[in-house]
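A short worksheet on the structure shown next.
Coordinate-derived values only; no laboratory data. Quick caveat, the model's predicted, so the values are computed rather than measured. When we count neighbours, we look across all protein chains shown, and the Cβ atoms used for this are built from the backbone with ideal geometry, even at glycine.
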Amino acid sequence: MIRVLAAALLAILVFAGSAQAHTRSQSQSRWTVDGDALSVRIQTTAVDVTRLYALGGEGELPLTDALVRDVEHSFQVTAAGQACAPQGHPNASLMEAGTVTATWRFACPAGALARGPIEIESQLFLRVAPSHLHFVSLRDGQGRIAEAVLTEPHPSAVLNPAGGPQAQSILDTILRFLPVGAQHVWTGLDHVAFILALVLLTAGDLRRVILAATGFTLGHTATLGLAATGVLKPDTAAIEALIGFTIAFVALEAGGGDRMKTWSAPAGVLLAVGGVLALTGTAPMSPLVWFGLAAFVFAYPRGFPRGAVWLAMIFGLIHGCGFAGALSELDLPKPRLLASLAGFNLGVEFGQIAVIALALLVGLAMQRAPERVRREAPALAGAILFALGFYWFVGRLA
């Protein structure tokens, strides 16, 4: 039943971001109180700034100039209900690993910052990326921190570092990060594609869907916690590529029959070649990752436990490292870390349940489609998913 869903939903995936790795975007700003002034360091990726070229009409401006122009029109700050005035223009620079930063300073009325509270509003990138997430961290003169997540529906936040992490209830923290987790799923086409591939693999059987979703939850919860707490430090670029691999692999397995066994040997050889090239420094990722993938692909149809639950759990470990990226920018204080992780993870679960529920509804509706559509849709869906996953895997290695 649900295998038919891809004919309807995958068209949205392909149309919305056919060749893009991630359409979600995020940035952060770290604010520091310095007497009656606020200094801020804004950080984002060159990919997000490039969107200003394509969608914002910024012409041929360098990345740093494009960021400066957007930052100047995006931030407003008040302290104790009084406006803080920007001093000069932001200074931007292009850092290593595709990161662009801008520094700026605001002057506030005398004593306003001490009286508080401080309200920060950000419209950064919202005109070109409505799903953009902006993480705000405010540190006062005594080192106390207040944080917030800004989105298009809620672009401003009132911050009070004097309250401290301990003063904020666990429930408030969970509720703050719950929508962040859900939005991370909904705006991440690769995560949605993986969930659809799992549904395709279960052939719409509700019991198998629930078991697969549970396995995925167990996998990504484990690595999300380890990565977000700093115990596990995965290679971000490798994780992004491996997420594409998981989509292609599950889509191939959903094809059924001997397809996996037929293609596993040549695929394993190609992956092993990638490992050899990595040894010579001509291919990205660690050689151990390449050889590990080669061994897994070859062994899977030859005695390895098969099925949606096992794949969901194993590949959930990879996706959990990807989910951790949305929290890694926050540098959360220890007293709030567990509550933040819980809220984010619950949000991921709600996002995942919503995708599955939509799949069920679409599958039911498609039962009225012509017989030929119902018969051919699973193969078409699997082919599209495989193509997306393969493209993301190769493209993210480039």
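No other cysteine beta carbon under 4.7 Å away is the test; run it over the chain and list who passes.
Cysteines of the chain left without a disulfide-compatible partner: CYS321.
What list of ³J(HN,Hα) couplings, whole Hz, do you get for the stretch 28-42 from phi and the Karplus terms 6.51, -1.76, 1.60, once you set θ to phi - 60° and write x for glycine and proline?
So the Karplus estimates, Gly and Pro as x, are 9, 9, 10, 9, 10, 7, 9, x, 9, 10, 10, 9, 9, 10, 9 Hz.
Quick check: pseudo-label points 7 Å beyond the Cα along Cα→Cβ at PHE304 and ALA107, how many nm apart are they?
Those two pseudo-labels are separated by 6.4 nm.
Antiparallel versus total DSSP beta bridges in the chain: what percent is that, nearest 5?
Given both bridge residues lie in the chain, the antiparallel proportion sits at roughly 85 percent.
Counting just the Cα atoms, what span does the chain cover along each of its three principal axes? Round to the nearest Å and put the largest first.
Each principal axis gives a Cα extent; for the chain these are 74, 48, 41 Å.
Given contacts defined as C-alpha pairs under 8 Å and at least six residues apart, what's the relative contact order of the chain, whole-number percent?
Contact order relative to length: 24 percent.
Using a 10 Å cut-off around each Cβ, can you sort ILE356, ILE195, ILE384 from fewest to most neighbouring Cβ atoms?
Ascending number of Cβ neighbours within 10 Å: ILE384, ILE356, ILE195.
From the backbone phi of the stretch 242-256, what are the Karplus-calculated ³J(HN,Hα) couplings (6.51 cos²θ - 1.76 cosθ + 1.60, θ = phi - 60°) in whole Hz, Gly and Pro given as x?
With coefficients 6.51, -1.76 and 1.60, one gets 5, 4, x, 4, 4, 5, 4, 5, 5, 4, 5, 5, 5, x, x Hz.
Could you list THR44, THR99, THR32 in order of exposure, starting from the residue whose Cβ has the fewest other Cβ atoms within 10 Å?
Fewest-to-most Cβ neighbours within 10 Å comes out as THR99, THR32, THR44.
Given the DSSP H assignment, sum -39500 (n - 2.57) over each helix run of at least 4 residues in the chain and divide by its residue total; what's the result at 222 nm in deg cm²/dmol, nearest 500?
When only DSSP H runs of four or more count, the value is -19000 deg cm²/dmol.
Could you line up TRP263, TRP290, TRP392 from fewest to most neighbouring Cβ atoms inside 10 Å?
Fewest to most other Cβ atoms nearby, the residues stand as TRP263, TRP290, TRP392.
Helix 46-56: angle to the longest alpha-carbon principal axis of the chain, degrees 0 to 90, nearest 10?
Here the helix axis deviates by roughly 90 degrees.
Which ³J(HN,Hα) values, rounded to whole Hz and listed in residue order, are derived for the stretch 279-284 from phi using the Karplus coefficients 6.51, -1.76 and 1.60 in 6.51 cos²θ - 1.76 cosθ + 1.60 with θ = phi - 60°, glycine and proline given as x?
So the J values, rounded to whole Hz, are 4, 8, x, 9, 9, x.
Rounding to the nearest 10 and keeping the result within 0 to 90°, find how far the Cα-based axis of helix 189-202 lies from the longest principal axis of the chain.
Around 30 degrees separate the two axes.
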